[in-house]
Amino acid sequence: TGCNGVDRSPGGSIVYEKHVLELEKGQTEYKLELPRKRPDYPESVVMPDHMPEVTSFRYVEVEGYEGSINKEEISQLALLYPFDGEASYFHSSDSNLNQIWEMCKHTLKITPFLSKYIDGNRERMGYEADAYLQQISHYSVDREYAVQRYTTKYLIFNPSWPVEWHLHIPLMAWADYMQTANKALLEEYYDEIKHKAMLPLAREDGLLSTPYTREGYVDEEFLETIHYDGSSFRDITDWPQGTPANESEHRSGHGSITLEGETDRFVFSDVSTVVNAFHYRNLVLISEIAEVLDKEEDARWFEERAKKVKASFNEKLFNEDRGLYTDGDDIKHTSLHANMFPVAFGLAPKSSYPQLREFLISKGMACSPIMARYLFYALYELEAENYALRLLTNELDRSWMNMIRFGTTIVSEAWDIKYKRNMTWNQPTGATPAYIIPRKIFGIEPLEPSFRKIRIKPQPGDLEQAEIKHPTIRGSIEIKFQNRGDIFSMDVKLPANTQSDIGLPKKYREYSLFKDGENVKVKEQEDHVLIEDVSPGEHSFEIRKGE
């Protein structure tokens, strides 16, 4: 219908809908009633009967009306979860980074649906990994904790199919506790959280042996303990899957048109490096949870079990000759995923960091927006912050800037439609830059629950200037830094009832350090200098080259 018309035959995964409204004589106020969206998937969330149906859309065209319509005569009814747009703020000297932050913040504002985290309008279904990633990103832009907790409870009993997704439940529960110091979720669902670690699937050496076949895993007694009643319980690694490296027939999965998919041609096997990295992290967190709940015997058992799994993991899955992790036990292939998770979860020995750093950098963004959070965590742990910043802000096809370029206003499910033909255009899972920016570039981390004790250890890389307002349950943390030439300076405003450890990047062999204008002595760390127990309020820090 011309340059301003809606495309009736959009390509790929873009949806066009037509709704007919019969007009009456005279002047009447109309409300378009959308047809009810019924479940396309077993766990699809549907609107309750007492509420009108909703849909996501970008443009509306009115056809067949002969009169003129002023914009004042049309209104949109929107269903939005409460969101405080003033709770967070970010701006930097990098234009791309600013655009990415704004897209992610907007995504996190409008995507909670009926008090749950779901996977966009296409499926309207919850997935544990996706919900966890949305959860931690949501914490970074608003002081909101109810939707995260409700989603965790819901997904414990309404799980999705991937093995690794079940293993995200302990991560979700622990994130809730660290953000709020509220033990209620841990106390009520402690046994359920333990079940999600899947200990019955462990071998003698402690490593999990899990299903990876397309047909899935059937052991009704075990599946009942994790509340899964489907028929597709199996490993995933990443999504969409391409053709696994141990299979010759090209059958790229779920809309991916590339041979690799998003798994970097990961070789699936009974003892998966990715699955066992998550299992190890589960054991560590369940030990911490047991400690919080004064279950000392459990805490010690899970602590010792974690040590056993770590030893077996590095004995069976680490290739000493290459200094890299393979995809599984008795597997030779080494993928991005098999090496980023051991670093992100604290399994990799520091002696292997040089090889792991070189390998991960050589791979680029060989994962989906879903798993990118773990890649960036690994890169910052490996002190590859300059590369991480370039990867975060790059404008290649596999980037958040590409999402902005092809026209989405909300983070999309895949990097591009050519990587997933049926991708959702409103998928909060990939909004993790909203989390990576405060947690890694600014280094804001709760050392104790509810940010009672805070660590601020920025890793700015080449970023010259940035400022942030970061919400916590105790109030906002505000930081502004300058990173130019021979000086790194930082202004910090800390909320009441907190203490903070401040780490400044040690870019120079010889340096002088100032706190609130006075020269101070500090603890020397390997990559930073540490000022401990900084009190609430406003403080300035500066580290400069020379004595």
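Quick notes
- Two-decimal ratio, the range 275-382, of alpha-carbon radius of gyration to 2.2 N^0.38 Å: 1.13
- Taking Cα centre as origin and charging only the Cβ of basic (Lys, Arg, +1) and acidic (Asp, Glu, -1) residues, the dipole magnitude of the chain rounds to 920 debye.
- Debye log10 I(q)/I(0) for the chain, one point scatterer per Cα, at q = 0.07, 0.09, 0.10 Å⁻¹: -0.43, -0.71, -0.87
- Accessible area (Å², per residue) of the chain, counting only protein heavy atoms and a probe of 1.4 Å: 46 Å²
- Taken along the Cα-to-beta-carbon direction at a fixed 7 Å, the label points for ASP84 and LYS153 span 2.2 nm.
- Surface accessible to a 1.4 Å probe, VAL6 within the full protein complex, Å²: 40 Å²
- Its Cα centre serving as origin, the range 450-547 has a Cβ charge dipole (Lys and Arg +1, Asp and Glu -1) of approximately 280 debye.
- Within the accessible area of the chain (1.4 Å probe), percent carbon and sulfur: 46 percent
- Each stretch of four or more DSSP H residues adds -39500 (n - 2.57); spread over every residue of the chain, this sum gives -9000 deg cm²/dmol at 222 nm.
- Where ARG484, ARG305, ARG544 fall by accessible area, highest first, once all protein chains stay in place (1.4 Å): ARG484, ARG544, ARG305
- Relative to its Kirkwood radius, the Cα radius of gyration of the range 58-173 gives an Rg/Rh of 1.09.
- Evaluated at q = 0.14 Å⁻¹, the base-10 log of the normalised Debye intensity for the range 318-477, with identical point scatterers placed on the Cα atoms, takes the values -0.81.
- Accessible surface ranking that places the most exposed of MET178, MET423 first, with a 1.4 angstrom probe: MET178, MET423
- The distance between label points at SER362 and TRP301 comes to 4.3 nm (points 7 Å beyond Cα on the Cα→Cβ vector).
- Positive-end extreme of charge dipole, the range 293-363 - chosen from ILE361, ALA338, TRP301 (charges on Cβ): ILE361
- Computed over the alpha-carbon pairs of the range 361-438, the distance histogram in 5 Å steps reads 3, 16, 29, 28, 15, 8, 2, 0 percent, short to long.
- Only Lys, Arg (+1) and Asp, Glu (-1) charged, at Cβ; the range 95-197 dipole about Cα centre in debye: 180 debye
- MET103 accessible area, assembled protein chains, probe 1.4 Å, Å²: 10 Å²
- Exposure check, 1.4 Å probe, all protein chains in place: ARG357 carries approximately 90 Å² of accessible surface.
- Accessible surface ranking for ARG36, ARG322, 1.4 angstrom probe, highest first: ARG322, ARG36.
- Gain on full stretching of the segment that runs from GLU464 to ASN98 - 0.36 nm per residue minus C-alpha separation: 130.4 nm
The values are calculated or read from the model by the stated rules, or taken from the named source; none is laboratory data. Everything quoted here is computed from the prediction, not taken from an experiment. Every residue, glycine among them, receives a Cβ derived from its backbone with ideal geometry; neighbour counts consider all protein chains shown. To get the accessible areas, we keep the full protein, side chains included, count just its heavy atoms, and leave off ligands, DNA and RNA. Shrake-Rupley method; radii C 1.70, N 1.55, O 1.52, S 1.80 Å.
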